[in-house]
Amino acid sequence: MRARLTSGSPRGLYVRTFGCQMNEYDSLRVQRLLAAQGYVVVEAIDRADVIFLNTCSVRGKAEQKVYSFLGSLRRLKELKPNLKIITGGCVAQQLGEKLLDRFDHLDMVIGTRAVNAVGQLLQRLQESGGRLAWLPEEENGDLTPILYSSPFPLLFGAEGRVRGAREKWPDARYPAPDTRPTPGLCPVTAPVTIMQGCNNYCSYCIVPYVRGAERSRPPAQILDEIRALEALGVREVLLLGQNVNSYGKGLEETVTFVELLRRIEAQTDIARIRFTTSHPRDLTDELMLCFAEMNSLCKHLHLPVQAGSDRILARMNRGYTAAGYVEKIQRLRRICPEIGLTSDVIVGFPGETEEDFRKTMELLDEVRFDNLFSFCYSERPNTRAEAFADRVEKGVAARRLFELQSCQADITASKNLSEVGSIRDVLVEGPSKASNGQMTGRTTQNRIVNFQAPLSSTGQIVGVKIAFAYSHSLRGDIIAK
Ligand code: SAM
Ligand code: SF4
């Protein structure tokens, strides 16, 4: 039985999230679940009664950040002995009790399949006064309850913008746990997890080990959640999964990702649909056609290529060749010429020669992505690549990354420049963080656009004539439609 606080001042919950959008979604679920026990999110860490730290271990650097943040909490715990510190996410799953051994001020470690139980676990922790590591092999029961708890009420900031879980939240402005948001002050875009885990076992990647095997969520639940979001004013959903285009395996009803997209368009009124991430091997012609045929599907595809050398792609266990990847991109661009494309690249993978790296640079030149996320290879425990002996020197990998990022910066700048003069439909997300009274939004291709507009335009799709291009954004003027 969950305890529900009915009197006294609410307890403070401070959430810190490292890593990907899946982690942000999980953090929102934790906020929602603990809100049901009377917790409100606080922005000042020293006002917290519970700290939830959601961790990422996809690269070594992300893991180090977690350790240094955990270390910095020791003093606070000394000052507030009743404070409960909980760690979840991929580092928690990977290390379990070892994390409790390493940080004696840490109270609880929960695995990636235990998020749904955070309320009961916290209660058990408080009752026992001890320390706890809980890393179930399976979700408690099926995936339904785990994924279904909508993280909703705590999403609302007073400015009417979606606020990422990474950002600080103005606690004074939070609604009490059970209050509904004020109409008009709703988030414009919201994440919806459609699947968890991954079966691909790319040789560098820790995700299948810490997130488990691929599990898809039944379509009816996804549709229900989208309708619920829509009723609260959400205009755009971001469908999340490690490999969304293999959605549907193992479900009772046979539903492909394309069918799911079509159902969302047909059975909800959501204005925009986005999704991430897709695997190049699973990109079908049917999915490409969706970009041309579906009004609500944003014309943006994030399709991680990782490398341009077939030898490296095979060692990465990616299941496609560079030519196969480029051929799919060409086909997609024929089907939907306006498609915006972004990708991920790893440099310095074990055995990557200068010649292999040149092939990646050639691929960049040929495809000309709108934007790119690029990383130096980071060795991860238990992955197949950990055993590859032919490591690339750190300095060499760093030099390659610099060259790759400089080349991409030029491509992105010239693509942004070519937007000047065009008129784009922009979904207004809210006030721009950076600039004086401006509003911000995104084009269907996922480009950020800032422009002068009233706050009341939040949530509307407006036409904006692009006047200036910057390295990461555009600026323009609203036009009358
Ligand atoms: N599922 C997605 C996919 O198939 O690409 C992305 C998952 S991963 C969390 C996000 C990105 O991190 C990957 O595309 C890859 O570029 C990068 N990444 C994963 N493992 C890495 C490692 N060991 N070293 C460096 N980058 C890595
Ligand atoms: Fe990792 Fe590959 Fe799965 Fe993406 S597809 S999560 S890179 S194993």
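The values are calculated or read from the model by the stated rules, or taken from the named source; none is laboratory data. All values derive from a computational prediction rather than experimental measurement. Neighbour counts run over all protein chains shown; Cβ positions are idealised from the backbone, glycine included. Side chains are part of the model used for accessible areas, which takes the heavy atoms of the whole protein and leaves out ligands, DNA and RNA. Shrake-Rupley method; radii C 1.70, N 1.55, O 1.52, S 1.80 Å.
Once the piece of chain linking K98 and L132 is laid out straight, how much longer is it, given 0.36 nm per residue of separation minus the C-alpha distance between them?
That pair, K98 and L132, stretches by 11.1 nm at full extension.
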request  = Find, among the chymotrypsin sites (Phe, Trp or Tyr not before Pro) in segment 200-297, those assigned to loop by DSSP (not H, G, I, E, B) with at most 15 other beta-carbon atoms within 10 angstrom.
outcome  = Y201
note = Treating only Lys and Arg (+1) and Asp and Glu (-1) as charged, each at its beta carbon, one finds that the chain has a dipole about its Cα centre, in Debye to the nearest 20, of 1000
ask   = Once Lys and Arg get +1 and Asp and Glu get -1 on their Cβ, which of F349, A314, M361 lies farthest toward the positive end of the dipole of segment 290-370?
value = A314
remark   = Residue by residue through segment 417-431, the couplings from Karplus 6.51 cos²θ - 1.76 cosθ + 1.60 with θ = phi - 60°, in Hz, x for Gly and Pro, are 4, 6, 7, 4, x, 7, 10, 10, 6, 10, 7, 6, 8, x, x
message = Taking amide H atoms as placed 1.01 Å from N in the peptide plane, list the residues 5 or more away in sequence, or in a different chain, whose amide H sits under 5 Å from that of L297.
response = I273
ask   = Based on the inverse mean of 1/r over its pairs of different Cα atoms, what is the Kirkwood hydrodynamic radius of the chain, in Å?
value = 23.7
Low-density loop positions, trypsin sites (Lys or Arg not before Pro), segment 408-473 - DSSP coil, at most 12 other Cβ in 10 Å = K433
task = Hey, can you grab everything whose amide H is under 5 Å from the amide H of N199? Only 5+ residues off in sequence or another chain; H modelled, so Pro and N-termini drop out.
result = E214
query = Which whole-Hz couplings ³J(HN,Hα) result when phi for each residue of segment 14-20 is put into the Karplus expression 6.51 cos²θ - 1.76 cosθ + 1.60, θ = phi - 60°, listed in order with x for Gly and Pro?
reply = 10, 10, 10, 10, 10, x, 7
message = Using 27 Å as the Cα-Cα cut-off, could you pick out the over-long pairs in K65/K415; K77/K98; K299/K328; K359/K465; K299/K465; K65/K394?
response = K65/K415; K359/K465
request  = Whenever you get a sec, compute what percent of the accessible area on the chain sits on carbon and sulfur atoms (1.4 Å probe).
outcome  = 52
request  = Please report, largest first and rounded to whole Å, the three semi-axes of the ellipsoid equivalent to segment 192-288, where each semi-axis is the square root of five times an eigenvalue of the C-alpha gyration tensor.
outcome  = 24, 14, 13
message = Name the residue from F388, V464, A434 whose Cα lies farthest towards the positive end of the charge dipole of the chain, charges +1 on Cβ of Lys and Arg and -1 on Cβ of Asp and Glu.
response = A434
message = Using only the alpha carbons of segment 244-327, what is the convex hull's orientation-averaged projected area in square nanometres?
response = 6.2
ask   = Given a 1.4 Å probe and the protein chains all in place, what does the accessible area of I194 round to, in Å² to the nearest 10?
value = 0
request  = Using a cut-off of under 14 Å, list every residue of segment 187-210 whose amide N is near the label point 7 Å from the Cα of A266 along the Cα-to-beta-carbon line.
outcome  = none
key: Per residue value of the accessible surface for the chain (all protein chains in place, 1.4 Å probe), Å²   = 43
task = DSSP loop (so not H, G, I, E, B), at most 13 other Cβ within 10 Å: list which GluC sites (Glu not before Pro) in segment 185-282 pass both filters.
result = E252, E253
Theoretical gain in end-to-end length, R333 to E386 [0.36 nm per residue, Cα-Cα removed] = 15.4 nm
note = For F369, the residues 5 or more places away or on another chain with a placed amide H closer than 5 Å to its own amide H are none
inquiry  = At 1.4 Å probe size, what's the solvent-accessible area of D282? Round to the nearest 10 Å².
reply    = 30
